[in-house]
Amino acid sequence: MKGKLIERLTKYVQIHTTSDPKSATVPSTPQQWDLLRLLEQELIGMGLTEISLDDNGYLFATLPANIEQQVPVLGLLAHVDTAPDFNGENVRPQLVENYAGEEILLAGSGDLLSPKNFPNLLNLLGHTLMTTDGTSLLGADDKAGIAIILSAIEYLQAHPEIPHGKIRVGFTPDEEIGRGADHFDVEKFAADVAYTLDGSVVGELQYENFNADEVTIHLFGRSVHPGTAKGKMVNAWERACQFQASLPPHLTPATSEGYEGFIFLRKIEGSLEHCILRYALRDFTEAGLLASRQLLQNAVANYQQQYGADSIQIDIHEHYRNMREKVEQHRYLVDLAEQVMLQQGVKPRIEPIRGGTDGARLSFMNLPTPNLFTGGENFHGKFEFVSIDVMNQAVGVVVGIANAFSQLKSNQAGEK
């Protein structure tokens, strides 16, 4: 199985699929179609049924049940795009066999992937690792998830003695820019419940995530030639620095962990006359998120008192919400996955997602969707890597979940 996982993942990560938040198209980038069409052909070649690739880039397929009794329809989901935070083109993966705890040279950039900086590497001794060459991200987020799903389906096809109900497979675009569920047709997908394969270290089982808002601050200045600017120029860049410095320094991603939220300055752009600050607000509770909103609104009000009402503008956009309230109504999804992991010698890590997945929004669209591990780490940057051995364990967990679903009642998906 490891060989097939390596073959699949190597092929997928070399296809450029970076999404673009500035694009208005669906998918946001045309290159995502390259992987989607490849996957469509693979699904056809595997003999799956009900295969559809719609105009928005959502690819669905079915592995028919091999049992007669009616059980909940299981969905398995992963996304094809990679994050725009770092270069995702010309990915050249490196393979490290039987990892022994050493520093790994990323041959393209000369950087070192070191357990000094990433100590979890020492938990992967003896594993086969796939890394970047330092010039791009890897794309294991979430191409490892795709490889795991297809390998699990292939395993079930090769072992018809393992009973399972109907399984729906879905590959989606634009998850990394928060649009993965925008055009997801839940009715067409026709699963009762689902899991995303979009997690990280071995054993991750996640059913709660951040509440998320996106906030944009516009600061307005006045451009004048610097030689005659006294008393006339208003530098929006300087004002932006002043505004950011007015916020509490302890509420950032770099100073938070666990269930702590943050206010994250993601981008500064614009000009001397119009500077734009883009913030991500994250918290596990609605109350905490509202407190962060209020903090920014108070900072805007203080700024207006100093420079005038027209000097600044704030726009707040609701992004996604914590899936916990929806998934807990179907708690058996978590319990079942936990039991399967324990049976297979995998220690479950039931922890909150300090981020979001398609499953968060899909859970609010009446498709409860917890998240499972893939073995990838350090996503969205040149130090990204994945353990092929952990991917192999994830395949076993998916197969085990599919088998466990064959023992459920037909009305299980609706039970509270």
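If you restrict to DSSP beta bridges whose two residues both lie in the chain, what percentage is antiparallel, to the nearest 5? Walk me through the intermediate numbers first.
Details: 47 of 62 bridges.
In the chain, DSSP labels about 75 percent of beta bridges as antiparallel.
Could you give the Stokes-Einstein D for the range 211-320 in µm² per second, using the C-alpha Kirkwood radius, 37 °C, 0.692 mPa s?
Calculated translational D: 223 µm²/s.
Out of residues 5 or more away from Asn209 or on other chains, whose amide H comes under 5 Å of its own, with H placed 1.01 Å from N in the peptide plane?
Here Met323, Arg324, Ile353 satisfy the definition.
When only Cα pairs under 8 Å and 6 or more residues apart are kept, what is the percent relative contact order across the range 62-178?
49
With the full set of protein chains in place, find how many percent of the accessible area of the chain is carbon and sulfur; take the probe as 1.4 Å.
Summing carbon and sulfur atoms, their accessible area is 49 percent of the total for the chain.
Give the accessible surface of the chain per residue, rounded to a whole number of Å², with probe radius 1.4 Å and ligands, DNA and RNA excluded. List each step's numbers first, then the result.
Details: 17720 Å² over 416 residues.
About 43 Å² of surface per residue is accessible.
Could you compute how much accessible surface Asp185 exposes when probed at 1.4 Å, giving the result in Å² to the nearest 10?
70
Greater than 21 Å separation of Cα atoms is the criterion. Which listed pairs, Lys143/Lys382; Lys230/Lys267; Lys2/Lys143; Lys116/Lys382; Lys11/Lys382; Lys11/Lys143, meet it?
Working: Lys143/Lys382 16 Å; Lys230/Lys267 29 Å; Lys2/Lys143 15 Å; Lys116/Lys382 16 Å; Lys11/Lys382 18 Å; Lys11/Lys143 10 Å.
With Cα atoms farther than 21 Å apart: Lys230/Lys267.
Sequence gap at least 6, Cα distance under 8 Å: using those rules, report the relative contact order of the chain to the nearest whole percent.
On the way: 926 pairs, mean separation 100.4, N = 416.
It rounds to 24 percent for the chain.
Can you give the accessible area of Val234, probe radius 1.4 Å, in Å² rounded to 10?
Around 30 Å² of this residue is reachable by solvent.
Could you check the simple spin-label distance between Leu38 and His274, using points 7 Å along Cα→Cβ, in nm with one decimal?
Placing both labels 7 Å beyond Cα along the Cβ direction yields 4.0 nm.
Per DSSP H run of n ≥ 4, the term is -39500 (n - 2.57); total these for the chain, divide by its residue number, and report the mean residue ellipticity at 222 nm rounded to 500 deg cm²/dmol. It would help to have the intermediate numbers written out before the result.
Working: 10 runs with 121 residues, N = 416.
Calculated at 222 nm, the ellipticity per residue is -9000 deg cm²/dmol.
Sort Tyr99, Tyr332, Tyr259, Tyr155 from largest to smallest accessible area, using a 1.4 Å probe on the heavy atoms of the protein chains.
Ranking Tyr99, Tyr332, Tyr259, Tyr155 by accessible area, largest first, yields Tyr259, Tyr155, Tyr332, Tyr99.
Could you run the Karplus curve 6.51 cos²θ - 1.76 cosθ + 1.60 with θ = phi - 60° over the range 314-328 and give me ³J(HN,Hα) per residue in whole Hz, x for Gly and Pro?
In residue order, the calculated couplings are 10, 10, 10, 10, 5, 9, 8, 10, 5, 6, 3, 4, 8, 6, 4 Hz.
Quick one: order Thr132, Thr255 from most to least accessible surface, probe 1.4 Å.
In descending accessible area the options line up as Thr255, Thr132.
Taking θ as phi - 60°, what are the ³J(HN,Hα) couplings along the range 267-281 by the Karplus curve (6.51, -1.76, 1.60), each to the nearest whole Hz, with x for Gly and Pro?
Whole-Hz 3J(HN,Hα) from phi for the range 267-281: 7, 10, 8, x, 8, 4, 8, 8, 9, 10, 10, 10, 10, 10, 9.
Please list 3J(HN,Hα) in residue order for the range 293-308, calculated via the Karplus relation 6.51 cos²θ - 1.76 cosθ + 1.60 where θ = phi - 60°; whole Hz, with x for glycine and proline.
4, 4, 4, 5, 5, 5, 5, 5, 4, 5, 5, 5, 4, 7, 10, x
Once you order the gyration tensor axes a ≥ b ≥ c over the Cα atoms, which shape class does the range 266-313 get: rounded for a/c under 1.5, otherwise prolate or oblate by comparing a/b with b/c?
Oblate is the answer for the range 266-313, as a/c is 1.5 or above yet b/c matches or exceeds a/b.
Find me the longest stretch of the chain that has none of the exposed GluC sites (Glu not before Pro), where exposed means in a DSSP loop (not H, G, I, E or B) with at most 10 other Cβ atoms within 10 Å.
Value returned for the longest uninterrupted segment is 258-416.
Could you grab the relative contact order for the range 41-114? Cα pairs under 8 Å, six or more apart, rounded to a whole percent.
Taking the mean separation of contacting Cα pairs over the length of the range 41-114, I get 14 percent.
The values are calculated or read from the model by the stated rules, or taken from the named source; none is laboratory data. As the structure is a computational prediction, the values presented were derived from the model and not from experiment. Neighbour counts are summed over all protein chains in view; Cβ atoms, including those assigned to glycine, are modelled from backbone coordinates with ideal geometry. For accessibility, only protein heavy atoms count, side chains too; no ligands or nucleic acids. Shrake-Rupley method; radii C 1.70, N 1.55, O 1.52, S 1.80 Å.
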